[in-house]
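Report on the structure given below.
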Amino acid sequence: MAQTATIYTLGIDLSDMDRGVYETLDLRLARHPSETAEYMLVRVLAYCLEYQEGIELTEGVSSGDEPAVFVRDLTGRVTAWIDVGMPDASRLHRGSKLAGRAAVYTHRDARQLLAQLSGEKIHHGEDIRIRAFDRGTIEEIAALIERRTSMSLSVTHGEIYISIGERTFTLPIVEHRIDEA
């Protein structure tokens, strides 16, 4: 029998002082059985750090050709392709060409991702931001995420402060560009 996705309900108080975004988010997302808690958390972080009108979470690892997160304008056209993990060059090429703007959020080895993408044909590859998070901290935070979780997420000066219950974490955002490899 095939396993079904587990539904998570996350209440997030978002204060992104770097961008002037202050929202209370109520997210319902499905975690596919093959999706790790860390990947799901990075999907949520990407959503929060890119939050704007028209943003949508996809089904994550089970979404096939779609990115983890995308933004649509009022006409329905995709304007931002936001991927998570270790996407390959052809996927980023397609996303950047389709949307005009692409970004990657990862808790994996950013150097390995940059080496994998180096020298590949990627539409406007030099403009694609790769934002990396410390894997150990992501694992610690992900371990606290339950099916119903409330958290606060503050962003200031390139760092994320996440509070879940009594625990608070500081998570630096390390930004890379594809041409660094």
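Throughout, read-outs are computed from the coordinates displayed, never taken from laboratory work. These figures come from a predicted structure and were not determined experimentally. Note that each Cβ is placed from the backbone with ideal geometry, even for glycine, and that neighbours are counted across all protein chains shown.
Here the spin labels are modelled as points 7 Å beyond Cα on the Cα-Cβ line, and at residue 135 and residue 72 they lie 3.6 nm apart. Evaluated with a Cβ-only charge set (Lys, Arg +1; Asp, Glu -1), the chain carries a dipole of roughly 360 debye about its Cα centre, given to the nearest 20.
Take each peptide in 27-33, 74-80, 102-108, count the other Cβ atoms within 10 Å of every residue, and average; sorted highest first, the result is 102-108, 27-33, 74-80.
Here is the list for segment 76-181: GluC sites (Glu not before Pro) lying in DSSP coil, each with at most 15 other C-beta atoms within 10 angstrom of its C-beta, are 120, 146, 166. With respect to the chain, whose longest principal axis is taken over its alpha-carbon atoms, helix 89-99 is tilted by about 80°. Measuring nothing but how far apart in sequence close Cα pairs (under 8 Å, 6+ apart) lie, relative to its length, the chain scores a relative contact order of 22 percent. Using 0.36 nm per residue and subtracting the Cα-Cα separation, the extra length available between residue 3 and residue 52 on full extension is 14.4 nm. Fewest neighbouring Cβ atoms within 10 Å first, the residues 118, 154 line up as 118, 154. Over the chain, the pair-distance histogram of Cα-Cα distances with 10 Å bins from zero comes to 9, 38, 39, 14, 1 percent, rounded to whole numbers.
Applying a DSSP loop filter and a limit of 16 other Cβ atoms within 10 Å to the GluC sites (Glu not before Pro) in segment 1-110 leaves 53, 59.
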